[in-house]
Every structure is written in structure tokens, then in C-alpha cells.
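See structure below.
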Amino acid sequence: MHIKANGINIRYQVDGRADAPWLVFSNSLATDLSMWDEQAAHLGNRYRVLRYDQRGHGKTDAPAGRYTFDLLIADALALMDALKIARAHFGGLSMGGATAMGLAQRHPERLDRVIVCDTGCASTPQSAQQWEERIAVAQKDGMAPLVEATATRWFPPDVVAKNPPYLDKARQMIRNTPVNGFIGCAAALADHDFRTHVAATKPPVLFIAGEKDAGGAVATAMKGLHAALPSSRYVELAGAGHISNLDDPAGFTGAVLEFLRGE
């Protein structure tokens, strides 16, 4: 389904009970709403699960230009407004996790509980340079040369060696990402900071990290976020990489469910 929000057509999908609390999931760079298939299937009996393709991804419009997290946050709010969702639980992974944290800091009145996954919530000079290099590749040669490079960054070496079926699903999502969308969102990732004010975040937050994401660097960064926000909860998924909900769907979904129940 599509709806016009914040000037673009946004693809979304709703699953679960019509009378249940809303739970929104926001995708990572170079994926689409299907990355949340397992979570939608298992959480739909308790929540009204809304998934959407972020700007430039899946079947959502992909305008040319460099995007910002201000824009991605405005998209999420406009989608909630268009669907008449006053408040919701909101979760996201990587780019979606930073979107969730930005929403929590800037619009706490719209969110109940927040799930921030596999993101340090801030760019660095080194990461900004890496994003600019990937943007240059996409501009010159499209998404094809980024498929395996991205997959080997996302998933631990032992997972890549085993090549489970979900790796091909991930590769296909990367390959199908519109070039405009990749460039736009990579630019946003090259310049963002939701780390500085993490201590002032008001809604309850669950941080989830894959143990092996970036060789453990992302988990370390997220432990720092958790330490700066003492009221938050931190869960590390053993053996999981960057797309932790694909590497360990049961552990991921279980952690989300426990947190949303307030346990």
C-alpha cells in the first residue's frame, strides 16, 4: 500500500490486530520493509505492526539529492499522521535505528517505547569518508559493485561461509535499492549525531546490538549509549552481525517483546 506523506509516496504494510497498540519498524540502508517479515509474523498477535520503506528504498519514491535525518524523521512523522497514529512504539535498525533515536529525542510525545538497533547513532570523520566513497561508487557504477561488499560488512564471516537463505534475500534488497535512495540516505548517515544528547532521551529505550557487528565496534558504541542513558536496556545478540534481526530473529524478537511488555 502507498500513501502520500511529506511530499512523497511512501510504501507501507500493516499487519496484526486492529485493536492492538501500534508498533512501527523502520528499515536500514539498502533494505526494504521485508527485512521485518519475521518480526511482523511473530508480533502481530499482540501489536498493530506498521512497516514502511524509508525514502529512496523499496517502492517508496526516491528523489534525487542528498537527504538528511531531519527529512527522514519528518517522513516517519508524516506517515504516522497520514495513518492517524497519535502514538506508537517505534523501532529501527542501523539507519532506521538512528531515525528512531532522532524521533525519540525530538518528538517524545509521539512515542511510547523505542527500539534502537545496530547503530552508534552518530557519524565520525572516518565513517563520513567511507560513506562518501560508497556514494561515489553508486554514482559511477550503480548498486551492483556494492552488493557483496555490503553483505560481507553486514554478516559475520562464519555466516557468509554458511550462506543461509536470508543472505540472498539481503543481497537482493541491496541490489534493488534505487541509486538515488542509496546516495540520499548514505549522505544522511555521513552527517548525523543523536549521541550527544542521548542522556536527555525521554521515552524508554531498548538498545540491541549484534555481538559481531563491525567486529564488535558497534556493540561497544551502543554500550556507551546505554551507559549514558541509565534508564535504558541493552541486549547483545551472540554471534549476530549488523542486520541482527536476520542473524538471530528469535533472539531479536524475544528481546523486543520482553521490552514492550515492560518486563
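The values are calculated or read from the model by the stated rules, or taken from the named source; none is laboratory data. No experiment lies behind these values; they were computed from the predicted model shown. Here Cβ is always computed from backbone atoms with ideal geometry, including for glycine, and neighbour counts include all displayed protein chains. Only protein heavy atoms, including side chains, enter the accessible area calculation; ligands, DNA and RNA are left aside. Shrake-Rupley method; radii C 1.70, N 1.55, O 1.52, S 1.80 Å.
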Exercise. Sorted by packing (mean other beta-carbon atoms within 10 Å per residue), highest first, where do 250-262, 86-98, 206-218 land?
Worked result: 86-98, 206-218, 250-262
Problem set entry | Over the chain, equivalent-ellipsoid semi-axes from the Cα gyration tensor in Å | 24, 21, 19
Problem set entry | Relative contact order, percent, segment 69-190 [alpha-carbon distance under 8 Å, six or more residues apart] | 25 percent
Problem set entry | Alpha carbon centroid spacing (whole Å) that separates segment 73-126 from segment 194-263 | 14 Å
For this session: For segment 47-164, give the magnitude of the charge dipole about the Cα centre (Cβ charges: +1 Lys/Arg, -1 Asp/Glu; no others), in debye to the nearest 20.
Result: 340 debye
For this session: Would you mind working out the accessible area per residue for the chain, using a 1.4 Å probe, and quoting it in Å²?
Result: 40 Å²
Seminar exercise, completed: per DSSP, antiparallel bridges as share of beta bridges in the chain, % nearest 5, sits at 30 percent
Seminar exercise, completed: Connecting every pair of Cα atoms under 10 Å apart in the chain and solving the GNM, the largest mean-square fluctuation among G142, G241, G56 falls on G142
For this session: Please list the non-local residues whose amide H lies under 5 Å from the amide H of S26, H modeled 1.01 Å from N, same-chain partners needing a gap of 5 or more.
Result: G91, G92, L93
Problem set entry | Mean Cα-pair separation over length for segment 130-200, i.e. relative contact order, pairs under 8 Å, 6 or more apart, % | 48 percent
Exercise. Which length gain, in nm to one decimal place, applies between S231 and K84 when the Cα-Cα distance is subtracted from 0.36 nm times their residue separation?
Worked result: 50.0 nm
Exercise. Taking the simple approach of a point 7 Å from Cα along Cα-to-Cβ for both E109 and A238, what is their distance in nm?
Worked result: 4.5 nm
For this session: Under a 10 Å cutoff between Cα atoms, tell me which one of D75, D32, D168 has the largest fluctuation in the Gaussian network model of the chain.
Result: D168
For this session: Would you mind telling me the share, in percent, of accessible area of the chain contributed by carbon and sulfur at probe 1.4 angstrom?
Result: 52 percent
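Working out 0.36 nm times the residue gap between T152 and D168, then minus their Cα-Cα distance, what length gain in nm do you get to one decimal?
4.6 nm
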